[in-house]
Amino acid sequence: MATSITAPTVAGEHSAIPAALLNVCFVLCVINASFFPTAFFGHWWILDGQGLGIPTDFVNVWSAGKLVLEGHPAWAYDWAIQKQVQVAVLGQSYEGNFAWHYPPPFLFIAVLLAHFPYAVAFIGWAAISLVPYLAVMRAIVGRPFGLLLAAAFPVVLTNTLVGQNGFLTAALIGGTLYLMPVRPILAGICLGLLSYKPQYGLLFPLVLVAASQWTVFLTAGIVAVAMAFASWLAFGTESWQAFFHWMPMFSQAFLTEGRAPWGKMQSIFASVRYFGGAEQLAWVFQWILSGTVAVLLALMWRRRISYPLKAAALAAGTLLTTPYLFLYDVMVLAIAVAFLVRVGLRQGFAQYELPALGLAAALLLFYPLVGAPTGFVATLIVSGLIAGRCGLWRNSVALQPRCAASA
């Protein structure tokens, strides 16, 4: 039976934004925009009613920067020392640890933020990192609606609430994919900067080789090496030694011991552990999924498939291939959704696509109520939509390969 497509258009023609998509995005945007002023003045975001800092992820960034300013960058990786600084800045203690585990280049951002008071740095980091994310989403969608879609994405709330780096990660992955066909050097710079999140570097080299994107590949490598060298000059050999010393302990704590509840992590590895599976079984599922995604992406990028679909698949694939994935990292799924929406606005949406995107949004929005790996299910839904598009348009390339073409 043929699949119904809404608002079909010829290639290059822009269709009207479906009312359901527009209305849902508007409501979600209002929720996100109104939440934080309410939360801040209600004393349940950043500072509590006694003026004490609320323990959350951003404290490890600010504390790492503080240690750099005091001349001890390597101490940022020491869990005990980090917690002492965190307790001092928050004014209260807490259970567990907010450990610093990023490569030394990310200390440049940490030390910049540590120049400001904690609350100012928290709000400033969320606001400033939001800007490139909004710009990339606008560019990918190809019209102003991209800004609304970006602001409406449910993980915006989670990422901002804990002061994490999801906006930056999404912006760099989105920038890489948007610029690759038309500005390969700029795309390589974005990808090289992404080396602060090394777990996202697993698929890009494979895809770049498969697609013969050598300029992007080489530029990214040069930028990554330059960042590492600059951090070595700025923070010393000890910072890199500390990073490599503490990484196995961090992996042991979060991927073996489950220091963070498995429901907080959004990978197939964590999903198996969440439902009671053994660590070995979880690794089997993770390796099978990662290998399958890698092979499919390599094949996909060598074939004549619409570039936005390739880009969407790679963005979603980065989330499926890493076992260590929290909900704020699922900000990257917004990039995949933006490419899908770009295609849908130009070619029309199948009847099932908008309801499926709505289900994915609901799973992300209601995660705090269930505490389960709903982000992993949302990623699978979006990946399924991408796969469906690839099958639907297998024999035609309705979009121009230059995904960065003007709207």
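The values are calculated or read from the model by the stated rules, or taken from the named source; none is laboratory data. Quick caveat: nothing in here was measured; it's all calculated off a predicted structure. Note that we place each Cβ from the backbone using ideal geometry, even for glycine, and neighbour counts take in every protein chain shown.
Filter the stretch 179-212 for residues that are buried (at least 20 other Cβ atoms within 10 Å of the Cβ), touching a residue at least 60 places away in the same chain (Cβ under 8 Å) and part of a helix (DSSP H, G or I) and give the result. Hits for the stretch 179-212 are L179, S195, Y196, Y200, F204, V207.
Candidates in the stretch 319-351 are the residues that are of a type outside the set (A, V, I, L, M, F, W, C) and assigned to a helix (DSSP H, G or I); of these, the one that is nearest to L28 (Cα to Cα) is Y328. Can you work out which of the residues in the stretch 240-255 that are closer than 24 Å to G277 by Cβ and of a type outside the set (S, T, Y) is surrounded by the fewest Cβ atoms within 10 Å (Cβ to Cβ)? This residue is P248.
Within the stretch 164-178, the set of residues being in contact (Cβ under 8 Å) with a residue 60 or more places away in the chain and either part of a helix (DSSP H, G or I) or more than 12 Å from the chain's Cα centre (by Cα) (or both) comprises G166, F167, T169, A170, I173, G174, L177, Y178. Here is a check on your reading of the model: is Q92 surrounded by 21 or more Cβ atoms within 10 Å (Cβ to Cβ) and in contact with a strand residue (DSSP E or B) (Cβ under 9 Å, 6 or more places away or on another chain)? When the stated conditions are applied, Q92 does not pass them. The residue pairs whose first member lies in the stretch 239-253 and is more than 12 Å from P103 (Cα to Cα), whose second member is aliphatic (A, V, I, L, M) and not in a helix (DSSP H, G or I), and whose beta carbons are closer than 7 Å, counting only pairs six or more residues apart or on different chains, are F250/A99. Entry remark, the stretch 106-128: residues being more than 27 Å from G258 (Cα to Cα) and under 23 Å from the mean Cα position of the chain (by Cα) number 13 in total. Take the conditions (1) in a helix (DSSP H, G or I); (2) touching a Gly at 6+ places or on another chain (Cβ under 8 Å); (3) touching a residue at least 60 places away in the same chain (Cβ under 8 Å); (4) not hydroxyl-bearing (S, T, Y); G221 misses just one of them, which is (3). The residues of the stretch 14-44 that are surrounded by 14 or more Cβ atoms within 10 Å (Cβ to Cβ), more than 23 Å from the chain's Cα centre (by Cα) and aromatic (F, W, Y) amount to a single one, F40. What about F122, is it surrounded by 22 or more Cβ atoms within 10 Å (Cβ to Cβ), modelled with pLDDT of 95 or more and either under 20 Å from L69 (Cβ atoms) or of a type in the set (D, E, K, R) (or both)? Spelling it out, F122 is indeed surrounded by 22 or more Cβ atoms within 10 Å (Cβ to Cβ), modelled with pLDDT of 95 or more and either under 20 Å from L69 (Cβ atoms) or of a type in the set (D, E, K, R) (or both). Would you confirm, using the coordinates I've provided, whether A135 is outside any loop (DSSP other than H, G, I, E, B), in contact (Cβ under 8 Å) with a residue 12 or more places away in the chain, out of contact with any helix residue (DSSP H, G or I) (no Cβ under 6 Å at 6 or more places or on another chain) and surrounded by fewer than 24 Cβ atoms within 10 Å (Cβ to Cβ)? The answer is yes for A135. Looking at L206, L161, just one residue is of a type in the set (A, V, I, L, M, F, W, C) and within 17 Å of the chain's Cα centre (by Cα), and that residue is L161. Restricting T176, T215 to those that are in contact with a helix residue (DSSP H, G or I) (Cβ under 8 Å, 6 or more places away or on another chain) and buried (at least 19 other Cβ atoms within 10 Å of the Cβ) reduces the list to T176.
Among the residues making up the stretch 256-281, those that are without any contact (Cβ under 8 Å) to a residue 60 or more places away in the chain and either of a type in the set (D, E, K, R) or crowded, with 21+ Cβ neighbours inside 10 Å (or both) are E257, F269, V272, R273, E279.
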